1. Report yes if some residue within the range 90-108 is assigned to a helix (DSSP H, G or I), in contact with a helix residue (DSSP H, G or I) (Cβ under 9 Å, 6 or more places away or on another chain) and polar (S, T, N, Q); otherwise report no.
2. Could you pull out the residue among 235, 271 that is crowded, with 18+ Cβ neighbours inside 10 Å and in contact (Cβ under 8 Å) with a residue 24 or more places away in the chain?
3. Quick test for you: out of 212, 230, 244, 252, pick the one residue that is hydrophobic (A, V, I, L, M, F, W, C), surrounded by 15 or more Cβ atoms within 10 Å (Cβ to Cβ), more than 25 Å from residue 43 (Cβ to Cβ) and at pLDDT below 90.
4. Against the condition without any contact (Cβ under 8 Å) to a residue 12 or more places away in the chain and in a helix (DSSP H, G or I), how does residue 133 come out, does it pass?
5. Select, from 9, 78, the only residue that is at pLDDT below 70, part of a loop (DSSP other than H, G, I, E, B), surrounded by 10 or more Cβ atoms within 10 Å (Cβ to Cβ) and not β-branched (Val, Ile, Thr).
6. Name the residue, out of 143, 154, that is modelled with pLDDT of 90 or more, out of contact with any strand residue (DSSP E or B) (no Cβ under 9 Å at 6 or more places or on another chain) and part of a helix (DSSP H, G or I).
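The values are calculated or read from the model by the stated rules, or taken from the named source; none is laboratory data. Since we're looking at a predicted model, the values are computed, not measured. Neighbour counts are summed over all protein chains in view; Cβ atoms, including those assigned to glycine, are modelled from backbone coordinates with ideal geometry.
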Amino acid sequence: MTLQEHGVPRGGLASQRLLRPLTGLNTFVNFLRKTLVIAELEARKLRHDPTELITRAVQPALWLLVFGQVFTRTRAIPTGDVPYLDFMAPGILAQSVLFIAIFSGIAIIWERDLGIVHKFLASPTPRTALVLGKALSAGVRALTQAIFIYLLALLLGVDLNLHPLALLGVLTAVILGAILFSTFSLIIACLVKTRERFMGIGQVLTMPLFFASNAIYPIDIMPGWLKVLARINPLSYEVDMLRALMIGQSSATGLLVDFGVLVLVSGGLLLIGAKMYPRVAV
């Protein structure tokens with residue numbers, strides 16, 4: 001039944017007020033649909049090259065099996081009542097998310113060289129949906145790493161919190177971390193525009209981001225200058241959130257603060273990435 005059959009005049013103020021929320025909802029649904037289509041297109045690449053999942057799993061396995069086992073025995077890093085391997089497992093998950101996401105931007109350069117970026121830019125898909133869809137695909141890759149790390153941690157005897165709400169929180173933290181660092185990666189790709197330079201910058205950034213965080217040691221034992229870097233490093237908030245959810249350790253900053261930082265930084269980088277995305281084609 002139309003609004004006119006209810007006695008509302010066509011084009012009247014009441015009609016406009018009723019249609020405005022519907023228009024906004026349709027716009028949001030359309031944006032979400034386009035974002036998920038882009039994410040699905042990117043994630044589909046895993047079916048063509050599933051070996052990527054295996055090779056990505058080697059590094060976290062080495063950290064947990066070698067570094068974690070050795071430092072658990074030596075007790076060189078003070079972690080209170082928490083065994084070092086338990087303390088380290090969330091940090092290695094965050095590291096895996098970082099390494100997957102930070103190099104995802106190179107795909108943008110490949111797509112430019114193949115002419116795919118120009119097709120995306122010619123489509124009516126919003127630039128924000130393009131960037132967010134690509135970032136979500138990095139989240140899908142990161143979730144496969146999360147499953148592997150959880151299984152390996154359980155085999156090593158890590159006391160993981162397997163409550164459904166905790167697992168949902170971990171999923172949220174992993175996806176937010178992947179969105180944040182993959183969008184940051186896209187911005188770098190838009191600036192440098194060559195694969196060789198991008199790989200060089202990516203390798204330069206990953207280690208400082210990882211070591212200037214609380215991933216493998218507490219912030220309390222860092223020197224003063226490193227504490228400052230760790231507290232402005234988004235990875236520290238992701239690790240803090242994962243550590244609280246995975247092993248039940250008290251959050252240093254609070255889960256709401258961790259979540260808020262990841263959301264705000266991700267949102268800011270998404271807007272910057274959407275603005276800069278057309279530049280990659282220039």
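1. Checked against the condition, which is being assigned to a helix (DSSP H, G or I), in contact with a helix residue (DSSP H, G or I) (Cβ under 9 Å, 6 or more places away or on another chain) and polar (S, T, N, Q), the range 90-108 yields at least one hit.
2. Selected residue: 235, the only one of 235, 271 that is crowded, with 18+ Cβ neighbours inside 10 Å and in contact (Cβ under 8 Å) with a residue 24 or more places away in the chain.
3. One residue alone meets the criteria, 252.
4. Against the criterion (without any contact (Cβ under 8 Å) to a residue 12 or more places away in the chain and in a helix (DSSP H, G or I)), residue 133 does not qualify.
5. Step by step, each of 9, 78 is checked, and only 9 is at pLDDT below 70, part of a loop (DSSP other than H, G, I, E, B), surrounded by 10 or more Cβ atoms within 10 Å (Cβ to Cβ) and not β-branched (Val, Ile, Thr).
6. After ruling out the rest, the residue left standing is 154.
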